[in-house]
Amino acid sequence: MQGIKDLYYKDPTPIQAEAIPLILEGKDVIGQAQTGTGKTAAFVLPILQKLQTDKKDIQALIMTPTRELSIQIAAEIEKLGKHLDVNVLSLHGGADIEKQLNKLKQKVHIVVGTPGRVLDHLQRGSLHFGRISTLVLDEADKMLEMGFLEDMEKIIVSTPSNRQVLLFSATMPDQVKKLSQQFMKQPPHIKIENKQKTTENIEQLYYVVNQSDKMDALMDLLETTKPFLAIIFANTQQRVQVLTAKLQEEGYEARALYGDLSQNKREQLMKQFRDIKFQILVATDIAARGLDVEGVSHVFNYDLPNDVESYIHRVGRTGRAGHKGTSISLVSPRQKSIMQRIEKATKAQLEEKLLTAGRHLDAGRKERAKEREVHFAALREEKAKQAATEKKKKEAPLASALKKQTKVKPGYKKKLQQDMQEWQSAYEQRRKRDEAIAARKAAKKNGATAGSRPAAAKQAGGKGKPAPNRGKK
């Protein structure tokens with residue numbers, strides 16, 4: 001209770017109010033709720049309540065899909081149980097396995113971990129679940145989606161048959177239902193229907209922006225919104241790196257979080273972010289689950305996520321613990337229909353805002369217009385060069401023959417003369433046409449008309465006969 005007070009928890013959330021009494025009764029429970037609803041405390045508090053700290057055995061196992069969520073749940077247990085003599089260990093990939101082995105030789109009451117690393121320890125014989133009383137499958141849908149079904153089954157069968165199983169999931173696909181039927185005993189199904197509960201403290205906005213304008217639009221929005229702490233989500237590691245470099249170039253304290261970083265680097269990064277050593281975290285979806293940082297005022301979706309669930313998880317990084325938050329998505333014109341689907345699924349109001357172009361967007365558009373003009377001028381020049389080269393290539397045999405006056409094969413001389421006559425004829429036609437066009441332009445310029453030409457000719461020559469063509473060769 002003191003741990004709860006220290007975290008300023010006053011009233012239970014709906015999932016906590018429904019799940020905690022059932023879990024304390026010892027029943028298997030299925031809890032279906034979105035991120036940000038307080039489901040971690042819904043299973044951690046009953047585990048702590050029933051924990052026998054004088055025993056050395058592992059009494060609870062909590063499985064999660066990602067290392068970030070594993071670390072986060074372990075930290076939550078330490079906070080809620082800091083007035084208890086509780087020992088918790090997070091087992092996940094990317095961490096030194098020797099350190100984990102040494103810690104397992106000491107007293108551990110609760111293990112939190114990813115299926116792969118937990119199974120690794122189980123097969124090494126460094127981990128035993130013969131006396132656990134509670135097994136928790138958190139984010140079960142994501143664990144199955146990530147291909148952990150076989151690992152999960154091997155772990156579950158290594159636990160006692162009389163253990164309590166708690167399954168928490170945002171969605172209930174067939175695989176999750178099958179898993180619950182296989183390993184759970186008549187579990188009550190708690191479902192928090194209103195998804196809006198997870199986003200009711202969050203103002204959700206979106207701007208329709210062309211892809212070429214996104215970077216500059218983001219810079220302008222950061223200048224106008226002035227976030228205290230912000231997370232910017234992009235869909236690829238490369239995009240995250242480019243965004244981070246651009247933000248740093250503009251003078252922002254920004255860092256990148258993505259899958260290829262070592263576990264050590266990730267933990268250092270998250271500690272620095274929590275300690276407000278930098279204000280902007282640019283991340284892929286790996287950070288959407290299990291990332292709980294107090295004070296995140298803004299979430300930016302530079303790229304829209306691939307599904308509604310990912311959108312909810314991203315947005316849920318702000319507006320936590322009763323605080324207000326803002327979510328801003330940059331949407332291409334074709335993606336407006338996706339925003340409508342998200343609005344319908346989340347039962348939340350997503351407001352479309354008109355983008356006011358600031359200094360970045362104005363300057364960027366002018367620069368891009370200049371670049372386009374240079375590009376098209378270069379294309380025109382290249383096209384003209386290619387046309388000249390083709391013409392030269394076509395006339396090369398004739399020019400070469402005229403220049404060298406070399407002997408040719410019988411029969412080819414006649415063909416060569418024909419080519420020369422055709423070339424000469426075409427040249428004369430072009431010359432006459434050009435002269436006629438030039439004459440018409442001159443006449444128009446001097447105010448002469450077509451009808452006055454004969455009269456003018458008579459006055460000039462007396463008989464109206466045209467002057468001889470002195471330019472003829």
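Any read-out appearing in this document is the output of simple, stated calculations on the displayed coordinates, not a laboratory observation. Model, not experiment: these values are computed from the prediction. So basically every Cβ, Gly included, is an ideal-geometry build from the backbone, and we count neighbours across all protein chains shown.
With Rg/Rh (Cα atoms, Kirkwood Rh) in mind, check [x] 1.00; [y] 0.98; [z] 1.35 and report the label derived from this structure.
Of the labelled values, this structure produces [z].
For 70, 169, which order do you get if you count the other beta carbons within 10 Å of each Cβ and list the fewest first?
Listing 70, 169 from fewest to most nearby Cβ atoms yields 169, 70.
Using the per-residue mean of other Cβ atoms lying within 10 Å as a proxy for protection, in what order, highest first, do the peptides 138-147, 327-336 fall?
Highest to lowest by the protection proxy: 138-147, 327-336.
Note down the net charge around residue 275, summing +1 for each Lys or Arg and -1 for each Asp or Glu among other residues with Cβ under 14 Å from its Cβ. Write down the numbers at each step before the final one.
On the way: positive: 255, 271, 274, 277; negative: 253, 267, 294.
Combined, the nearby Lys, Arg, Asp and Glu give +1.
Among the GluC sites (Glu not before Pro) in segment 5-94, which ones are in a DSSP loop with at most 11 other Cβ atoms within 10 Å of the Cβ? Mind listing them?
Passing both the DSSP loop test and the Cβ count: 25.
May I ask you to compute the full-extension gain from residue 75 to residue 323, defined as 0.36 nm times their residue separation minus their alpha-carbon distance, rounded to one decimal in nm?
Working: separation 248, 0.36 × 248 = 89.28 nm, distance 2.06 nm.
Length gained, residue 75 through residue 323: 87.2 nm.
At a Förster distance of 56 Å, what's the computed FRET efficiency of residue 241 paired with residue 10, Cβ-Cβ distance as r, to 0.05?
That pair, residue 241 with residue 10, gives E of 0.85.
Between residue 351 and residue 263, what is 0.36 nm times their sequence separation minus the Cα-Cα distance? Round to one decimal in nm.
Fully extending the segment from residue 351 to residue 263 adds 27.9 nm.
Which of the residue pairs 99/177; 214/271; 82/105 have a Cα-Cα distance greater than 25 Å in the structure shown?
99/177; 214/271
Aspartates and glutamates near residue 185 by alpha-carbon distance under 12 Å, same-chain residues fewer than 8 away left out - which ones?
28
Work out how much length residue 54 to residue 211 would gain on full extension: take 0.36 nm times their residue separation and subtract the Cα-Cα distance, in nm to one decimal.
Extra length from residue 54 to residue 211 when fully extended: 50.6 nm.
When only Cα pairs under 8 Å and 6 or more residues apart are kept, what is the percent relative contact order across segment 197-356?
Averaging sequence separation for qualifying contacts and normalising by length gives 39 percent for segment 197-356.
If each of residue 307 and residue 427 carries a label point 7 Å out from its Cα toward its Cβ, how far apart are those two points in nm?
Between residue 307 and residue 427, the label points sit 7.4 nm apart.
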